[in-house]
Amino acid sequence: MDLLEIRKELDILDREIVHLFEKRMGLVEDVARFKLDTGKAVLDSKREKEKLQVARSYVEDPKLQESITELFQEMMSMSRRKQIGMLLERGRGFSPDFLKLDCLPFSGKSLVYQGAEGAYSYLAGRTFFQKENMIACTHFQEVLSALEEGRADYAILPMENSTYGMVQDNFDLLAKHPKLYVVQEIEFPVSHCLATLPGESFSDIKRVYSHPQALSQCADFFQKYPKIQGIPSLNTAIAAKNLMETKEEGAGVLCSREAALEYGLSILEENLSKKENTTRFFILGKEAVFSKEAGKLSISFSLPHAVGSLYHILGNFLFNGLTLTMIQSRPVGDGEFSYCFYVDFLGNLEQKEVLNALTCLQEEGVNFRILGNYPSKEFKNKN
């Protein structure tokens, strides 16, 4: 056969496949109705495993066994999602334990942050909170402890930087504090300046103190001046404050312009970090709340070591037309290279597509946690 004849044969087979697929999905609806009447779970792992073994036995060419396994796994995933959609229509599905509010109550509330006045967490927090309601802590763990113990109404954590990537330790902290929830995100532009004691010149500088991320974000500066040593500090603003207090000669700091001015330092050079350097912050609270304007969800989940497990889980979001905006992973720390995944996607907890996707995770036995549902500039609620 020539190419045209082969394509005609393929077209005929494709029509038959589509017809059989429609017939199969019709039977899936019958299965869903039965499960609704009997309360039977959507996922039957034993049945699916048996089906895959049978499907592989139908294949005469051993080279196609893996392909047929993948095909049937995907069909069974689509069947489960179809069933779950029908279950949701009848009121059976995942019900998030989140309270809907008209707006988030930030006015007059206090915010705890890591660092000192002029720190980027402080500056980002000022977007929603007044200066007199800001509480400083030295370490990020102290920030979350202050929130949990009621010494502040909200807390702010930097989670991700457009140059440096995820703030790994803070994702790990979120995992250790399951009763805290993300209620707002802030994307704050970060621009580091080189600040020194008054009277110091650029040629005097031998050491520069700052947070490790700030040092990394200004890697081009250190490559240009290799004789200047970058020294890690707890925070950009703390580094500025310490320099003014110690009066260390030959030292500088990388910090915000606001921090340099706050602590009476001289600015030798500005805009040292790479262009479009932005840090994403989470504002955390103790209540599981969301508003109509909430447009992004953050969830975390762990998966067993199995071929295609993450692929099939992410397929639930694709099937429901949900846009993923971030996926990260962190080791669980059990010594077996198990990982916890963090996923952000656009949506609101009132949307049926979101509830469908989360119900799919629940029915498939995925141990997941909703970190929060909060406003996003990328999302407009259609409800």
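Just so you know, all these numbers are worked out from the coordinates, no wet-lab data involved. On a predicted model such as this, the values are computed, not experimentally measured, just so you know. When we count neighbours, we look across all protein chains shown, and the Cβ atoms used for this are built from the backbone with ideal geometry, even at glycine.
When ranked by the protection proxy of mean other Cβ atoms within 10 Å per residue, highest first, what sequence do the peptides 208-214, 184-190 form?
Details: 208-214: 23.6, 184-190: 18.1.
Descending packing order for the listed peptides: 208-214, 184-190.
Along each of its three principal axes, how wide is the spread of alpha-carbon positions in segment 32-102, in whole angstrom units, largest first?
Principal-axis extents of the Cα atoms in segment 32-102, largest first: 59, 30, 16 Å.
Could you give me D for segment 98-147, from Stokes-Einstein at 4 °C and 1.567 mPa s, where the hydrodynamic radius is the Kirkwood radius over C-alpha pairs? Units µm² s⁻¹, please. List each step's numbers first, then the result.
Working: Rh = 11.6 Å.
Estimated diffusion coefficient is 111 µm²/s.
Charges only on Cβ, +1 for Lys and Arg, -1 for Asp and Glu: so what's the dipole of the chain about the Cα centre, in debye to the nearest 20? Before the final figure, lay out the partial values.
Details: 45 positive and 53 negative charges, 127 e Å.
Using only the charged Cβ atoms, the result is roughly 600 debye.
Which length gain, in nm to one decimal place, applies between GLN53 and GLU270 when the Cα-Cα distance is subtracted from 0.36 nm times their residue separation?
Working: separation 217, 0.36 × 217 = 78.12 nm, distance 6.40 nm.
Answer, rounded to one decimal: 71.7 nm.
Find the all-direction average of the projected area of the Cα convex hull for segment 276-321, expressing the result in square nanometres with one decimal place.
In nm², the orientation-averaged hull projection of segment 276-321 is 6.2.
Give the total of Lys-Lys pairs in segment 1-157 with Cα-Cα distances below 27 Å; include a pair only if its members are 8 or more places apart or on different chains.
23
Calculate one ³J(HN,Hα) per residue across segment 218-229 by plugging θ = phi - 60° into the Karplus curve 6.51 cos²θ - 1.76 cosθ + 1.60, and present them in order as whole Hz with x for glycine and proline.
For segment 218-229, the Karplus-derived couplings read 10, 4, 4, 5, 6, 5, 6, 10, x, 7, 8, 8 Hz, x marking Gly and Pro.
Please state the equivalent ellipsoid semi-axes for the chain: what are the square roots of 5 times the Cα gyration tensor eigenvalues, largest first, in whole Å? Don't skip to the answer; put the middle values down first.
Numbers: eigenvalues 521, 133, 60 Å².
One finds semi-axes of 51, 26, 17 Å for the chain.
Once the Cβ-Cβ distance between MET78 and GLU148 is put in as r, and R0 is 45 Å, what FRET efficiency do you end up with, to the nearest 0.05?
Numbers: r = 42 Å, r/R0 = 0.94.
Efficiency for this residue pair is about 0.60.
Which one of ILE231, ASN373, PRO331 is farthest out on the positive end of the charge dipole of the chain, using unit charges on Cβ (Lys, Arg +1; Asp, Glu -1) and the Cα centre as origin?
Farthest towards the positive pole: ASN373.
Can you compute the modelled spin-label distance between ILE17 and GLU89, with each label point 7 Å from Cα toward Cβ, in nm?
Each label point lies 7 Å from its Cα, and together they span 2.7 nm.
For the chain, give the share of DSSP beta bridges that are antiparallel, in percent and rounded to the nearest 5; count only bridges with both residues there. Intermediate values should be presented prior to the final figure.
Details: 45 of 62 bridges.
If I count the DSSP bridges inside the chain, around 75 percent turn out antiparallel.
Which is farthest toward the positive dipole end of segment 1-95 among SER79, LEU43, PHE21, measuring Cα position about the Cα centre, with Cβ charges +1 (Lys, Arg) and -1 (Asp, Glu)?
Looking along the dipole axis, the top candidate is LEU43.
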